[in-house]
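The values are calculated or read from the model by the stated rules, or taken from the named source; none is laboratory data. The structure presented is a predicted model; accordingly, all values stated were derived computationally and were not measured. Every residue, glycine among them, receives a Cβ derived from its backbone with ideal geometry; neighbour counts consider all protein chains shown. Ligands, DNA and RNA are excluded from the accessible area calculation, which covers all protein heavy atoms including side chains. Shrake-Rupley method; radii C 1.70, N 1.55, O 1.52, S 1.80 Å.
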Amino acid sequence: MKTIRVKSPATSANVGPGYDIFALTLENPYDEFELNLNDSGKVDIVIQKNIQNIPTNPMDNSAGLAAIELLKANKLKTGLTIKINKNMSSGGGMGTTGASAAATIFGLNKLLDLKLSDNEMIDYARRGEVASGGSPHADNVAAALLGGFVLVKDYNPIDVLKLELPRIPVVLAAIIKSQRTTRGFITYEIGQDKLKAQMARCSRIIHAIHTKDLVEFGKALSVDYIHEPVRGAAIPGYWETKNRAIEMGAYGCTISGGGSSVIAFCPESKQEKIADFMESQFSSNPSFKKIIQSYTSNKGVQII
């Protein structure tokens, strides 16, 4: 087999208090990929209708860099062309770079019959994230590969746990962040009391998933002391919108991934109303793209 076509889903990482260790998968949107093996000995990136100015230099593209890392580690000289059809807005907290890296590693594993384990695929895919954020974080790529809710249990070596999620309605306000990454502004110096609360909320989220308690799930993810204070300050109207969405019946609301998108989890009966409200709050922001109504999903990368 020389060619494979796959689709890779949007993900929301840093779920609530789970900075760099929690992520979950969404039913839509998703990007589509075609991987073609060839004899060129190099990796080429082709972006269809590249209106987002996504890098096509493979070293600056998460799909390209992930492929280079895998081929180098396995001493493979094959060439590869990766064609990407973008349906997701880049830089909006939907895990688009993770989706690209995950799709590429999934596809290469199939094409080259490498028989990699899930953790091995995640480890290769996360290296591609260096191209966009400078950090080989595993949360987005793990959720894109595995689906469901993922917990990164360890980084050395990579060890990821997947939990099955109920199908939860989601409203995502897609807002493009004004700078490439805000990681450099985030501190872990949050004090003893907040550290205890952060750990407790992580435990509450895992317990809520096991017990399918969506109310508790929402409450637990709606407070974070590590990345939310930094990223929330960069989103005009974030705190007011978040609090009002919860008052309107959302289970919980938080920042999606590295921002600046905002995600609310809600009962299906409240989804449309909360979507309309969030659009009214964020539509005047010049970086606002659109409101997406979706659901959590237990499916990761899939062959088309």
Return the only residue of Lys242, Lys273 being modelled with pLDDT of 95 or more, in a helix (DSSP H, G or I) and either under 15 Å from Val15 (Cα atoms) or in contact with a Phe, Trp or Tyr (Cβ under 9 Å, 6 or more places away or on another chain) (or both). Lys242
Taking region 1-14 as the search range and keeping residues that are modelled with pLDDT of 95 or more and farther than 30 Å from Arg201 by Cβ, which one is surrounded by the fewest Cβ atoms within 10 Å (Cβ to Cβ)? Lys2
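When you scan region 15-42, how many residues do you find that are open to solvent by 10 Å² or more (accessible area, probe 1.4 Å), in contact (Cβ under 8 Å) with a residue 60 or more places away in the chain and of a type in the set (S, T, N, Q)?
Number of matching residues: 1.
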Among strands (runs of 3 or more DSSP E) entirely inside region 52-167, those with 2 or more residues being open to solvent by less than 40 Å² (accessible area, probe 1.4 Å) and over 30 Å from Met199 (Cβ atoms) are 79-85
Scope region 262-293; condition surrounded by fewer than 20 Cβ atoms within 10 Å (Cβ to Cβ) and within 23 Å of Glu164 (Cβ to Cβ); matching residues: Pro267, Glu268, Gln293
